[in-house]
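What follows is one structure encoded as structure tokens, with my remarks underneath.
No lab work stands behind these numbers, since they all come straight from the coordinates. Note that the structure is a prediction, hence the values are computed from the model and not measured. So basically every Cβ, Gly included, is an ideal-geometry build from the backbone, and we count neighbours across all protein chains shown.
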Amino acid sequence: MLTTGVAHTRDVDERRQDLLETLRRWRSERPWARRDPESLAISEVVGAGPIQVVLLSTYEARGVELSYRPTRSRPDAPASTPDPWSVSLEQPQRAPVGNEVKKALPGQLHQNCEVCFASGRETCPACQKRHDPSDRDLHQSCGRCRGTRRILCRTCAGSGGVLARAVAWSKIEQSEVVRVKDTHDLPVDVFLELQSTDHGGVLIHEQEADRIIDIRRTSSSYRDGGAEDPLRATVQALTRDPAVPSGARLIRQRLEVRQVAVFQVTLQNESTAWVYGEPPKVSPANAFRTLAGHAARVIPGLKN
Ligand SMILES: [Zn+2]
Ligand SMILES: [Zn+2]
């Protein structure tokens, strides 16, 4: 069990006040469709407080863009596309995400045409557009291919060979992977929302390094669980699969652990609902609706 502070040590009254405050914000978006939180007969509020573990990876991706022009012959020995990592492409220090650097490579590469697999012919686009292979008359009357369904390849002009100019590029990109832990009995919709969307929450741990392999405990607000640290396995799974494309160069990683406010609310009629996230959401969606809110569900374009 995690002793993360925040939700667990708060007393009941404080938690109830937090819930009401959250529900007031939720209601203010559509006061006519959502019930006043003061009018709800709440019997119990439990802070579920799951945690989100987020790994942000900044990396450099590289590639080569080729632009072709036809040439008269197919190559005897096709030139290979250069490895972008062997090209000197300099990203500035601490380049921001999205920064792109390009470099045109000298010379031209004599290659096989990839559009027609060096055959010199490609499928007739006019026939392909018609899309009905059973319609023989249409094929026969096609002015473009005269019913043969093949035309001269437009990329290599029928030679099967092309000359390519290569431009190597380097781009700084970022990936984000999120796991949710301590979900207790969260309903599936709430779990999936928290799994995919950043809901703010209270930052309880952060760490940055060129490459993060494991969680490093420094925060005093978060108990170090040693080998049995329940977060360790999650962090290790994230760092093993940080959604960085193979071949990319990892530059920097940032790990964040956030406690997300999730309230499990039980009403006096025994029904249960969940209130969570920023902006606040309620699950099931119809839990605290007014009659007008229920009615509006059937009117297209009105969301409540
Ligand atoms: Zn045709
Ligand atoms: Zn071709």
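Quick look at the values:
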| read-out | value |
| --- | --- |
| Theoretical gain in end-to-end length, residue 189 to residue 267 [0.36 nm per residue, Cα-Cα removed] | 26.0 nm |
| Fewest-first sequence of 53, 167, 12 by Cβ atoms within 10 Å of each Cβ | 12, 167, 53 |
| Region 230-293: translational diffusion in µm²/s, Stokes-Einstein, Kirkwood Rh over Cα pairs, 10 °C, 1.306 mPa s | 100 µm²/s |
| Residue order, fewest to most beta carbons within 10 Å, for 241, 182, 189 | 241, 189, 182 |
| Karplus (6.51, -1.76, 1.60) ³J(HN,Hα), θ = phi - 60°, over region 279-292, in Hz, Gly and Pro reported as x | x, x, 10, 10, 10, x, 4, 9, 4, 10, 7, 7, 4, 4 |
| Dipole of region 60-171, positive end: most advanced residue of 128, 116, 85 [Cβ charges, Cα centre] | 128 |
| Region 54-120-region 231-262 distance, computed between alpha-carbon centres (Å) | 29 Å |
| Cα→Cβ-extended label distance, 7 Å offset, between residue 146 and residue 210, nm | 6.6 nm |
| Under 12 Å from the residue 11 label point (7 Å along Cα→beta-carbon), backbone N, region 265-287 | none |
| Distance (nanometres) between label positions extended 7 Å along Cα→Cβ at residue 243 and residue 87 | 2.8 nm |
| For region 12-155: relative contact order, % (alpha-carbon pairs under 8 angstrom, 6 or more apart) | 17 percent |
| Environment charge at residue 48 (Cβ cut-off 10 Å; Lys +1, Arg +1, Asp -1, Glu -1) | -2 |
| Stokes-Einstein D (µm²/s) once Rh is taken as the Kirkwood radius of region 60-171 over alpha-carbon pairs, at 4 °C in 1.567 mPa s | 79 µm²/s |
| Likely footprinting exposure, 14, 173, fewest C-beta neighbours within 10 Å first | 14, 173 |
